[in-house]
Amino acid sequence: MSLYNVSKEALIGSAALGAVFAVGLWIGGRQVPSYGILNTFKSHTGAKGNPLMGYVLDHSLREHPVLKKLKLRTLEHPENPMMVACEQAQLMANLAKLIKAKKAIEVGVFTGYNALNLALALPADGKVVACDVNEEFTSVGKPFWKEAGVEHKIDLRIQPALQTLDELVAAGEAETFDFAFIDADKANYDQYYEKCLLLIRKGGIIAIDNVLWEGKVLNPEKGDKDTQCIHKLNEKIHRDTRVNISMITVGDGLTLAFKL
């Protein structure tokens, strides 16, 4: 075989490999679409139109019919981004069931989607102490609580949550709760965490919402008090030897603190 033929065959082979590589990239790009850097979002807000989130919901969400009705009603509300993501709520309900929770605390109720979610997860004699200051928002959920047959499980207290938590401690209910969910004003997140830690039993769980705060925690601005409060609490809980933790990228970020 002449040197000319070898060079010719090498060139043909190189061209073929290049074509295969290019086609592979094109096919791979179609089969495994890139969604860019990690983003956190709730399924009812930033995830709209995201096929991967659609797949997750289609293949994992098992929503109680009344819970779904309340979600749809809440989506009509102008402040609907405040609602907890349904996929996150389902995770918390499963955790509550896993630890056989009977008593739960919710700090921040909005329209009551997650209060209903937790009440449905608790046994017949279970209780959710739901803390909020806005009667207009919480009134949206009340008819749905009744329709689902769990209205008696939800103890709604319309007053500052810190006051309610202090009252629970004063009433001798420290270390008697199994699960707590914190999703209210960020300035008081640290105090909510500390008081819930007093009220939760060993082995109980505190779930803290919005810990990634749309990514703002990466670079908290000096004048952004909400982001600073969340970031400081994230750093504090990371060092807190009273709990085991997992921070997960569901919704707008969720920290699970398991009391030791």
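No lab work stands behind these numbers, since they all come straight from the coordinates. Model, not experiment: these values are computed from the prediction. Note that we place each Cβ from the backbone using ideal geometry, even for glycine, and neighbour counts take in every protein chain shown.
Short-range pairs are left out: with C-alpha atoms under 8 Å and at least six residues apart, the relative contact order of the stretch 51-259 is 17 percent.
Extension gain for Q191 to A124 (0.36 nm times residue separation, less C-alpha to C-alpha distance): 21.1 nm. Apply the a/c threshold of 1.5 to the C-alpha gyration tensor of the stretch 51-259 and tell me whether it is rounded, prolate or oblate. The shape class here is rounded.
Couplings 3J(HN,Hα) for the stretch 119-131, derived from phi with the Karplus relation 6.51 cos²θ - 1.76 cosθ + 1.60 (θ = phi - 60°), are 4, 5, 7, 7, x, 4, 9, x, 8, 10, 8, 9, 10 Hz, where x marks Gly and Pro. Within the same chain, lysines fewer than 8 places from K42 are excluded, and of the rest, those with a Cα less than 16 Å from its Cα are K68, K71, K216.
Each label point was placed 7 Å from the Cα along the Cα-to-Cβ direction; for K146 and L162 their separation is 3.5 nm. Residue separation of K216 and Y55 scaled by 0.36 nm, minus their Cα-Cα distance, works out to 55.2 nm of gained length. Only Cα pairs under 8 Å and 6+ residues apart enter the sum, and on that basis the relative contact order of the stretch 110-160 stands at 49 percent. For the stretch 200-260, the list of trypsin sites (Lys or Arg not before Pro) that fall in a loop by DSSP and count at most 16 other C-beta atoms within 10 angstrom reads K222, R242. Here the contact order of the stretch 138-260, divided by its residue count and restricted to Cα pairs under 8 Å and six or more residues apart, works out to 23 percent.
Within the stretch 51-259, antiparallel bridges make up roughly 35 percent of the DSSP beta bridges whose residues both belong there. Measuring r between the beta carbons of A171 and I245 and using R0 = 30 Å, the FRET efficiency lands at 0.60. Between K69 and K236, the simple spin-label model (points 7 angstrom out along Cα→Cβ) gives 4.1 nm. Coupling constants for the stretch 81-88 follow from the phi torsions by the Karplus curve (6.51 cos²θ - 1.76 cosθ + 1.60, θ = phi - 60°), and in residue order they are x, 5, 5, 5, 5, 4, 5, 6 Hz; glycine and proline get x. Within a straight-line Cα-Cα reach of under 20 Å, K100 can be paired with the following lysines, leaving aside sequence neighbours fewer than 8 residues apart in one chain: K127, K153, K202, K259.
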